[in-house]
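Peer 1: Shown below is the structure under consideration.
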Amino acid sequence: MKKIQMVDLQGQYQKIKAQVDASIHEVLDSAAFINGPEVHAFQKELEEYLGVKHVIPCANGTDALQIAMMGLGLKPGDEVITADFTFAATVEVIALLGLTPVLVDVDPVTFNIDVNAIEKAITPKTKAIVPVHLFGLSADMEPILELAKKHNLFVIEDNAQAIGAPYKFSDGKVMKTGAMGDIGTTSFFPSKNLGCYGDGGAIFTNDDDLAYTLRGIVNHGMYERYHHDVVGVNSRLDSLQAVVLRAKLPNLDDYNQARRTSARLYSEKLADLDNVITPTGAKDNTTDDYGICDNHVFHQYTLRIKGIDRDALVKYLNSKDIPCGVYYPIPLHLQKAYADSRYNESDFEVTNTLVKEVISLPMHTELDEEQITYITDHIKEFIKQNG
Ligand SMILES: *Cc1c(COP(=O)(O)O)cnc(C)c1O
């Protein structure tokens, strides 16, 4: 059996090596390292893929979020609502810009931001909502967009974990995550569903004026050479990363399908275990017999472990050379940097429970059935001994 890795980037690279290596050498020969034609071509291809008017490439997914908030003109004191159960980057940039993060609880089934909790948290100071499409599943965008419209709020989708995921509206219309809000952001960190071989990110919008503003902000606030109209940053995607992304983008749907196939196999093999809740899609999405939703792109395959010691299971799996992750072990509202006396523990019941129960199993495009069987057999063995 091939050694199990949390993410197998070597295996994936071998399949696109000829193309990637050739394009990297072309960039080296051309010496167009920054803002070259490859970056522009990738931008166009991603606009087409996502069905969005403007893609603005930048240096990473954290920058993308920061630049989005700068572009919307958010000011210190403005409140921005986001999920308590996510990677810290989302709340970090809110705080960094002097805005006020307002963390809210998530849904226990989808792990995504709880729409009722958003509504409860809206105040006259609220300016934006940042739904995170966690683990590869779209947040429930339809009611979020309605809420935003009603209260005149911006929506910034943190799409770092769900690029390529569709979301279905009640009228049947399907849109890709990142293309629904005022702005979408993503990360091309190597382990993401569309990852480059270094750092990278992008911002999406359908608004021409906003796109113009954002393109200036990523480039030192310059709209005309050496005229700095606004305070900007330096945040660029380089050509070497762009060629990797151009090689991978045509495979993204297949990559996401491979993840879904592995997820289905995991859920099939883990069905009927009392101590294990396998991940399922949003309530209103179509799911198969094992709860696998076609709209999920499984950045992570995350179980909830009930009634047995999650941390002991992690240790046991690691001892069998099975890597696994706990995303995320501490709610953001309890992190030292983001604690706030306004928060009530009773408002975070779901996140407070999830951090004790979740375990993410190896998930990538190269997993095979032998590996999945080895992993699930060991989970069953541990439960037999400890359940
Ligand atoms: C990875 C990630 C980011 C940050 O992306 P970087 O490219 O690492 O800066 C932001 N939000 C979420 C939800 C992420 O998973």
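Peer 1: Inside the range 214-237, can you point out the residues that are aliphatic (A, V, I, L, M), farther than 17 Å from His40 by Cβ and either surrounded by fewer than 18 Cβ atoms within 10 Å (Cβ to Cβ) or touching a strand residue (DSSP E or B) at 6+ places or on another chain (Cβ under 7 Å) (or both)? Outline the logic, then answer.
Peer 2: Within the range 214-237, the subset aliphatic (A, V, I, L, M) is 214, 217-218, 222, 230-231, 233, 237.
Still in the list and also farther than 17 Å from His40 by Cβ: 217, 222, 230-231, 233.
The answer is Met222, Val230, Val231, Val233.
Peer 1: Let me ask something else about it. Which count do you get for residues in the range 168-203 that are away from the ligand (no atom under 13 Å from the Cβ) and within 14 Å of the chain's Cα centre (by Cα)?
Peer 2: 2
Peer 1: A further question on this structure: Which residue pairs have Cβ atoms under 6 Å apart, sit 6 or more places apart or on different chains, and have a first residue in the range 57-77 that is closer than 21 Å to Asn152 by Cβ and outside any helix (DSSP H, G or I) and a second that is more than 11 Å from the ligand (Cβ to nearest atom) and not acidic (Asp, Glu)?
Peer 2: Leu72/Phe154; Leu74/Leu99; Leu74/Lys127; Pro76/Gly98
Peer 1: Out of the range 145-166, which residues are away from the ligand (no atom under 16 Å from the Cβ) and more than 15 Å from Asn193 (Cβ to Cβ)?
Peer 2: Within the range 145-166, the first condition is being away from the ligand (no atom under 16 Å from the Cβ), and the residues that meet it are 145-154, 166.
Matches in the range 145-166: Leu145, Glu146, Leu147, Ala148, Lys149, Lys150, His151, Asn152, Leu153, Phe154.
Peer 1: Okay, next question. Just to be sure, is Phe87 surrounded by fewer than 20 Cβ atoms within 10 Å (Cβ to Cβ) and within 16 Å of the ligand (Cβ to nearest atom)?
Peer 2: Working: surrounded by fewer than 20 Cβ atoms within 10 Å (Cβ to Cβ): yes; within 16 Å of the ligand (Cβ to nearest atom): yes.
Criteria met by Phe87.
Peer 1: Name the helices (runs of 4 or more DSSP H) wholly inside the range 208-296 in which the number of residues that are not assigned by TED's automatic domain parsing to the domain that holds Ile67 is 3 or more. Can you show your working first?
Peer 2: Numbers: elements: 208-217, 239-248, 252-270.
Per the criteria, 252-270.
Peer 1: Specify the residue that is surrounded by the fewest Cβ atoms within 10 Å (Cβ to Cβ); the eligible residues are those in the range 122-138 that are away from the ligand (no atom under 15 Å from the Cβ) and in a loop (DSSP other than H, G, I, E, B).
Peer 2: Only one residue tops the list, namely Pro124.
Peer 1: If the Cβ limit is 8 Å and pairs must be 6+ apart or interchain, which residue in the range 198-213 that is farther than 18 Å from Phe42 by Cα pairs with which residue that is more than 16 Å from the ligand (Cβ to nearest atom) and open to solvent by 70 Å² or more (accessible area, probe 1.4 Å)?
Peer 2: If the second residue must be more than 16 Å from the ligand (Cβ to nearest atom) and open to solvent by 70 Å² or more (accessible area, probe 1.4 Å), the pairs left are Asp207/Lys53; Asp208/Lys53.
The values are calculated or read from the model by the stated rules, or taken from the named source; none is laboratory data. Just so you know, these numbers come straight off a predicted model, no measurement behind them. Ideal geometry is used to build each Cβ from the backbone, glycine not excepted, and the neighbour counts take in all protein chains shown. Calculation scope for accessible area: heavy atoms of the full protein, side chains included, ligands and nucleic acids excluded. Shrake-Rupley method; radii C 1.70, N 1.55, O 1.52, S 1.80 Å.
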